[in-house]
Each structure stands twice: as C-alpha cells, then as structure tokens.
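Okay, structure first, notes after.
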Amino acid sequence: MVGSGEIVGWNPSICGIEEVFHAHLVDHTYPKHTHECWTLLIVDSGVIRYDLDGHEHGSMDSLVTLLPPHVPHDGRSVGVDGFRKRVLYLEPELLSGVGAAVDMPSLQDPVLRDRVHRLHSSLIRPGDEFEAQCRLEIVRERLQGHLLREVGTPPSYCDPSLARMLRDLIDSRTQLGVTLGEASELLHADSTHLVRSFSREFGIAPHQYLIGRRIELARRLLLAGHRPSQAAAAAGFHDQAHLNRHFKRMVGTTPARFARWRP
C-alpha cells in the first residue's frame, strides 16, 4: 500500500492490464474525464464520491467499482483525510457490457473484492506473473458475470482432460515456466476455461501447482548441496528472494536453514 500522499503507477506486462495505479490523495479533485480502458477500482481507506454519466455514486472499502471505457466521470474525496485506492486499467476487449457498468458501477461482492486485492498483491511481486495471469482470468470471469447479471450461476462446463493436459504442460516446463497465453495457444483453449478446469479437477490453481513443483525441485537441489541462489535459478524462480518467500510459506523455514540441517 502506498504511503501518505504517494502515487505510483506501472505497466505490469500482463496481457489484459494496461496499467496499475496506487494512490493516496487528500485534497485532489479529478475533473471530468474519460479512459479508453475499463477502470477497476478498490478503496482501502476513505470514501470517493464521483459522477458517472450524470449520476452520483460512491466508492468505499467494501465495494468494487468498475467504470466503463469512454464514459465521462470525475472524482473527489468525501472526508478531510482523503482516500487510498488501487486501480487496474483493463484493456477494453477484456469485458463487454458498457451499459450495465454505467447503470451499476458499484459492486457489493466480498468475493470479488478479495480476488481483486489478491490480484494486486501478485502484481507487485517479481516472479509471480503466472499467478497474476491466473488471478486476472478469475476476476475477469466474475466481473463479466456481474455485467451479464449472472453472478452466482454455476460456471460453464469444466474439462478434466484439458486440466490434465495443462498439468502435463506445466510439468514439462517447471523450470522455464509458461504464460497463460502460451498455454491457451498450445492447448487451443480459452484462458478462463483453462484456469477453471484445472482448479476444479485438481483442487488447486495452476499457479499454485507450478510453485509447488518448483519448491519440490528446489528442495532436492538444496539437499544435493546447491546454494539457495543456485537452487532458485535452477528451479525457475525469479531470484533468491522469490524462492525465499514461497519456500518459507510452504516449508515453514528459509532455504538456507533447510539446507544447513542434518541429522
């Protein structure tokens, strides 16, 4: 989360996301403007009041706000302490249903709110691009459900054979890695369908499965005498810090401590 008065923005090189924007604004007022992209917004503190297409709305920490492309809106803080927000600008082709977003830009959906938060968290961690890609597809599917008024309906058919093919692909590229776009092209399947089928068949998301396989490989390398930095590179992690974060989460200790212990 950004500090007081801080504003940061970056391009995460994730297909479907044009820009990530985090800001703490106290006395700034946005003039009326438009975006070419979908604006997906969550508020971490404070309240934002805005007009969209001539109608007044509000954003707060319990809501997810989705503003459609090319529709004028403004923005201002309600309280003297301002607001903290995290924004994803999504490519226009990612979603359909501008009219529905104009009618209902504020979404009261705790599941979606948590998923957007987790997507943001993955976007700030180097090496977790595959996780971000998978999380984006799940967020996109739920957003589209809101736009079509279909949230809560059972998901479409999931393909166990497709899930197994994706698992085989991940197994064959544990060290090199694979993007969701590459997997979709190689397996001739929609990205969202891939993630949903894999998660339902194996009870784990594709990115979690890949991390688990890499942790297994790193453990074998560490026990064979490799240094943590060597094990990180050989197992496909972005760097040693990337290995440390996931290794401690999964094993309960750091790679260095794990490698030092002997009976």
Give the calculated FRET efficiency between residue 62 and residue 204 to the nearest 0.05, with a Förster radius of 30 Å applied to their Cβ-Cβ distance.
0.55
Can you give the calculated 222 nm mean residue ellipticity of the chain, where each DSSP H run of n ≥ 4 adds -39,500 (n - 2.57) and the sum is split over every residue, rounded to the nearest 500 deg cm²/dmol?
-13500 deg cm²/dmol
Using alpha carbons only, how many degrees (0 to 90, rounded to 10) separate the axis of helix 160-172 from the longest principal axis of the chain?
60 degrees
Under a 10 Å cutoff between Cα atoms, tell me which one of 135, 49, 84 has the largest fluctuation in the Gaussian network model of the chain.
49
Taking only Cα atoms, what is the 0 to 90° angle, nearest 10, from helix 206-223's long axis to the longest principal axis of the chain?
30 degrees
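For region 35-135, which GluC sites (Glu not before Pro) are both in a DSSP coil and crowded by at most 16 other Cβ atoms within 10 Å?
36
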Between residue 190 and residue 93, what length in nm is gained on full extension when 0.36 nm per residue of separation is reduced by their alpha carbon distance?
33.5 nm
Please identify the longest segment of the chain free of exposed chymotrypsin sites (Phe, Trp or Tyr not before Pro), where exposed means a DSSP state other than H, G, I, E or B and no more than 16 other Cβ atoms within 10 Å.
1-156
Provide the solvent-accessible area of residue 104, counting protein heavy atoms only and rolling a 1.4 Å probe, rounded to the nearest 10 Å².
70 Å²
Largest fluctuation, 102, 139, 80 only, Gaussian network model of the chain with Cα springs under 10 angstrom, belongs to 80
Global geometry of region 46-145, whether rounded, prolate or oblate, following the gyration tensor of its Cα atoms and the 1.5 cut on a/c:
oblate
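The values are calculated or read from the model by the stated rules, or taken from the named source; none is laboratory data. Note that the structure is a prediction, hence the values are computed from the model and not measured. Counting neighbours? That spans all protein chains shown, and the Cβs are built from the backbone with ideal geometry, glycine included. Side chains included, ligands, DNA and RNA excluded: accessible areas come from the protein's heavy atoms. Shrake-Rupley method; radii C 1.70, N 1.55, O 1.52, S 1.80 Å.
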